[in-house]
Amino acid sequence: IDQLDGSASVRIKSESCAGSSSKACREKQRRDRLNDKFTELSSILEPGRAPKTDKVAIISDAIRMVNQVRDEAQKLKDLNSSLQEKIKELKDEKQKLKVEKERIEQQLKAIKTSFDSMAQLVS
């Protein structure tokens, strides 16, 4: 028996199988749990909408969503790899610029020393 409780569908367990452990009752309980999970999956896939009851449609939507998430994850992994490579290139460039800066500062210091020496000779 399905009963609406607010916006969510709640399945009330049949009293006829309470306490019974017959194979038919266990199978009915298994089917009820399975149907509950299909309803839950449907509501997760399309929140805010009435859950679908067609199991094939629910599975199809789930497959579509899993594939979309997998594709997005792969794109993010690729982007991450690309950004990591760019970071490595920028670090290498930074190191080269640091070495060049030190070389230029040494040259500037040598020129200044040479200029100071020439200034002392002139005066």
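The values are calculated or read from the model by the stated rules, or taken from the named source; none is laboratory data. Fair warning: this is a prediction, and the values are worked out from it, not measured in the lab. Methodologically, a virtual Cβ is constructed for each residue, glycine included, from the backbone with ideal geometry; neighbour enumeration extends over all protein chains shown. Please note that ligands, DNA and RNA were not included when accessible areas were found on the heavy atoms of the full protein model with its side chains. Shrake-Rupley method; radii C 1.70, N 1.55, O 1.52, S 1.80 Å.
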**OP:** For Pro47, state whether it is closer than 21 Å to Asp36 by Cα and touching a strand residue (DSSP E or B) at 6+ places or on another chain (Cβ under 8 Å).
**Re:** no
Original post:
Looking at (1) modelled with pLDDT under 90; (2) open to solvent by 50 Å² or more (accessible area, probe 1.4 Å), which is the only condition Cys17 fails?
Top reply: (2)
Subject >> Scope the stretch 106-123; condition open to solvent by 100 Å² or more (accessible area, probe 1.4 Å) and in a helix (DSSP H, G or I); matching residues >> reply: Gln106, Leu108, Lys109, Ile111, Lys112, Phe115, Met118, Gln120, Leu121, Val122
Original post:
Is the stretch 45-59 home to any residue that is at pLDDT below 95, in a helix (DSSP H, G or I) and among the hydroxyl-bearing types (Ser, Thr, Tyr)?
Top reply: no
Subject >> Top-ranked residue of the stretch 23-42 - restricted to ones that are in contact (Cβ under 8 Å) with a residue 12 or more places away in the chain and open to solvent by 50 Å² or more (accessible area, probe 1.4 Å), ranked as nearest to the chain's Cα centre (by Cα) >> reply: Leu41
Original post:
Looking at (1) more than 24 Å from the chain's Cα centre (by Cα); (2) assigned to a helix (DSSP H, G or I); (3) β-branched (Val, Ile, Thr), which is the one condition that is false for Ile63?
Top reply: (1)
